[in-house]
Amino acid sequence: MHHRVLGGTGIEVSPYCLGTMMFGSVGNADHDDCARIIHAALDEGIDFVDTADMYSAGESEIIVGKALKGRRDDVVLATKVHFPMGDGPHSGGNSRRWIVRAVEDSLRRLGTDWIDLYQVHRPDHRTDVEETLSVLTDLVRQGRIRAFGCSTFPAEQIVEAHHVAERRGLHRFRTEQPPYSLLARGVERHVLPVTERLGMGVLTWSPLASGFLTGRHRKGRDTDLSTGRPALHPGRFDPSAPTTLAKLEAVEQLVALAEEMGCTLPELAVAFPLAHPAVTSVIIGPRTMEQLRATLKGRSVVLDDAALDRIDAIVPPGTDLYPPDGVWAPPALTSPALRRRPAGSRSAV
């Protein structure tokens with residue numbers, strides 16, 4: 001595989017990044033099998049690996065650490081922090097207190113002395129972004145991490161963080177990790193233009209749109225809601241829901257396009273984000289060796305202008321055919337108290 005520079009870091013990475021969310025108890029619990037998948041990906045030219053402390057409650061990081069023994073110097077290793085790692089009130093978020101502890105825990109689980117890219121998994125409205133940037137800057141200076149980025153941040157918070165870093169003389173977010181697929185193109189409106197403007201690297205996740213672009217879920221077919229993602233989020237796969245119907249309608253048209261191009265729907269789906277000039281690398285998250293092999297078969301798929309025009313006609317640019325459910329919602333939407341004045345002061349008089 002050829003390589004792309006990750007934002008302004010000078011670090012070169014493969015255009016595919018191996019995501020390891022499915023390694024561990026929530027996906028593939030066989031550590032040896034997961035190691036074989038990681039080694040196969042490395043042998044095929046993927047040298048960018050992404051994990052997170054919360055994946056299977058740290059088990060994914062342990063698996064990755066064991067698999068990379070003896071090959072650590074050949075890999076750009078990324079992990080993330082934010083989500084709770086315990087039941088107490090002090091086991092998550094973006095505070096200095098938590099990040100200092102979390103990075104040490106990740107280093108220990110990964111069996112390494114440094115992390116190439118340390119990412120803030122989600123925004124934290126409770127913590128001033130200056131606090132977060134300050135501790136991350138210290139970790140770079142201490143050599144524990146080489147660079148840091150954010151994941152699934154809205155454009156306005158990326159811009160805010162950039163200006164805070166500039167004003168306070170801190171290091172800044174070098175990357176963003178947004179959801180991006182044929183069915184969820186909302187980041188084309190604001191996030192991707194902002195990352196381009198700021199010279200950030202972008203590694204996108206969920207190219208298969210939570211399984212809708214695997215080809216398993218088709219119009220007119222029954223969906224098994226008892227296993228896999230449908231069991232975790234049945235509402236997203238309810239065939240009677242208008243959002244599900246819209247997804248399935250688009251899938252039928254995309255299947256037809258893939259067949260005309262001589263590739264599979266998953267191959268088309270993974271090729272799509274790579275065509276955007278802001279995207280550095282696409283995260284693929286196989287659970288099995290077969291899934292890895294199937295994805296890698298499509299590495300040579302190139303979308304020409306005619307194919308991209310067809311895709312634009314099916315799902316217009318900047319359109320989320322469905323919201324990437326469960327990704328992140330600002331507190332202003334999730335907390336009524338933040339958008340409602342006290343009852344006695346809501347009128348004009």
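Seen from GLU44, the other residues with C-beta closer than 11 Å to its C-beta sum to a net charge of +1, counting Lys and Arg as +1 and Asp and Glu as -1.
Think of segment 11-82 as having a plus end and a minus end, set by charges on the Cβ of Lys, Arg, Asp and Glu; of CYS17, HIS82, ALA52, HIS82 sits farthest toward the positive end of this dipole.
Across ASP50, ASP305, ASP116, mean-square fluctuation computed from a Gaussian network of the chain (C-alpha pairs under 10 Å connected) peaks at ASP305. The length gained by stretching the chain between ARG221 and VAL26 to full extension, at 0.36 nm per residue less their Cα-Cα distance, is 67.6 nm. Using only side-chain charges placed at the Cβ, +1 for Lys and Arg and -1 for Asp and Glu, the dipole size of segment 188-309 relative to its Cα centre rounds to 500 debye.
Excluding ligands, DNA and RNA, the accessible surface per residue across the chain is 46 Å² with a 1.4 Å probe.
Report, to the nearest whole %, how much of the accessible area of the chain belongs to carbon and sulfur atoms, 1.4 Å probe, protein only.
Carbon-and-sulfur percentage of accessible area, whole number: 51.
For ALA52, the residues whose modelled amide H falls within less than 5 Å of its own, excluding neighbours fewer than 5 places apart on the same chain, are GLU61, LYS80. Which FRET efficiency, nearest 0.05, do ARG141 and HIS90 yield, Cβ-Cβ r, R0 22 Å? The pair ARG141/HIS90 has a calculated efficiency of 0.35.
Simple point charges give the picture: +1 on the Cβ of Lys and Arg, -1 on the Cβ of Asp and Glu, and for the chain a dipole about the Cα centre of about 980 debye. Could you tell me the center-to-center distance, by alpha carbons, between segment 269-321 and segment 113-187 in angstrom? A separation of 25 Å, based on Cα centres.
Within segment 103-125, which residues have the backbone N less than 20 Å from the label spot 7 Å out from ASP73 along Cα→beta-carbon, could you tell me? Answer for this model: 110-117. Name the residue from ALA337, PRO266, LEU117 whose Cα lies farthest towards the positive end of the charge dipole of the chain, charges +1 on Cβ of Lys and Arg and -1 on Cβ of Asp and Glu. Sorting the options by dipole projection puts first ALA337.
The values are calculated or read from the model by the stated rules, or taken from the named source; none is laboratory data. Keep in mind that this is a model prediction, so the values were computed, not measured. In this analysis, Cβ positions are derived from the backbone assuming ideal geometry, glycine residues included, and neighbour counts consider all displayed protein chains. The area values use the complete protein model at the heavy-atom level, side chains included, leaving out ligands, DNA and RNA. Shrake-Rupley method; radii C 1.70, N 1.55, O 1.52, S 1.80 Å.
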